Structures are given as C-alpha cells and as structure tokens.
Amino acid sequence: MNFNSRLFDSIRIGPSEAEEAVETDAPRCDHEGCRRAGEFRAPQGRGREGRFFLFCLDHVKAYNATYNYFAGMDDAALQAYQKQEEIGHRPTWKLGVNSRAARMAQRGRVAGGQGGPEVGDAFNIFGARNAQHAAQPEPRVGVVARKALETLGLDENAERAAIKARYKELVKRFHPDANGGDRSREGTLQEILKAYQTLKTTGMV
C-alpha cells in the first residue's frame, strides 16, 4: 500500500458510538452503565425539588413512566401536602399576630355607621351601604367556593357527602398510578387537590 497516495489521505473513519459518547462535551447519562449524553432533565423527587437527573432519551422515557411524586405518602401526609399546596408551601400567620397590620385594620374599621378611631362617618355613608347590602339576599356560597365546585364538576347546591365522593372519584381517575404512570394529567390532579382544599377551608367539607 502506498501511504503517500492522495487517495489514502481522503479516507476518513468515523468514531464508534462508544467513542463518540466519551468525546462529547455534554454530561453523561445518569443511568448506570450508559455512556450516552445526558441531554434530558428528570426531577429527582419529593424532598429534592429543584434537583434533576440527566438522562439520554431512552432512559428519561423509562424514568418518567414509573415516576410518582406522591410515592410513599400515607393519607395523613397527603392531606398535609394538600393543605400546604393551598398557600404555596409558604409560612402564614394568624390575623393579629403582625402588630402593624392589626393597627392598620383598627384604623380602617367602620361598622354600623359609626367610624373607628381615625375614620369618621358623619353622613352615615357606610351605614347606608351596609343597609343596602343587608337588603340583598346573600348567596349560598362565595365566588371562590363556587369556582372550586365547578372544578369538581358540581354546582353550589352540592352536599358534603357528594363533594367528598366526587373528590375521591376524580383523584382515582387522574392519579398517575391509575393511568400506567402517565403524568400528562398531573396538572388536572393538582387543580382538583386545590379545589378540595378550598372547600375544606370554607367549611363545606
């Protein structure tokens, strides 16, 4: 073979799949033994929010098919999560704990046509407004509760037992465990959890 031939110079041999995976700048797939690039993020799970595994396409599909954020949670833990979900998992305070807020509420308080310490009502404007509202029948449920009932597919005349039964039915229907690990309905499930928690806070369940 003539190594000085110009035909020999034009021959190029591509790298094998294993060599290509090693030489790429992308991080490796986190699946044990896989040498392909980890181009797709997958959440690490509850308690490790904001942290992700890096998988290749095949392994991220396999991971997502079995992923369950609520795995290992009993009924009490699931209810506690629902309660925290309503406030976005942020700390809250009871009314009056914040002294500055309490003072501001006291200054702006007007009831029965008589002003508070710093708010006068010489022309009984607020009293007339209160009387006007009192003459109108109060709706059975508020706007927030009505929207929560609509999310569950119920009207404002739904009773406590019907609300609970409908909630259990929808959770079973949209939970990933009941859909072969399919997480495409997870957003709907979260809306149902929030709606039920709203109804609990209003005392309807």
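The values are calculated or read from the model by the stated rules, or taken from the named source; none is laboratory data. This structure is a prediction, so every number in the text was calculated from the model and none was measured. Neighbour counts run over all protein chains shown; Cβ positions are idealised from the backbone, glycine included.
Looking only at residues of the stretch 38-92 that are of a type in the set (Ser, Thr, Tyr) and within 29 Å of PRO27 (Cβ to Cβ), we find that the one that is surrounded by the fewest Cβ atoms within 10 Å (Cβ to Cβ) is THR66. Scanning the stretch 63-82 for residues that are within 20 Å of ASP182 (Cβ to Cβ), of a type in the set (S, T, N, Q) and in a helix (DSSP H, G or I) yields ASN64, THR66. ARG146 - would you say it is touching a Pro at 6+ places or on another chain (Cβ under 9 Å), part of a helix (DSSP H, G or I), over 17 Å from LEU78 (Cβ atoms) and at pLDDT 80 or above? Yes, satisfied.
Considering GLU49, GLU85, which residue is outside any loop (DSSP other than H, G, I, E, B) and at pLDDT 80 or above? Walk me through how you get there before you give the answer.
Values: GLU49 fails: outside any loop (DSSP other than H, G, I, E, B).
Checking each option against the conditions leaves just GLU85.
Selection of the stretch 12-44 for residues being modelled with pLDDT of 55 or more, outside any loop (DSSP other than H, G, I, E, B) and not small (Gly, Ala, Ser) yields ARG28, PHE40, ARG41, PRO43.
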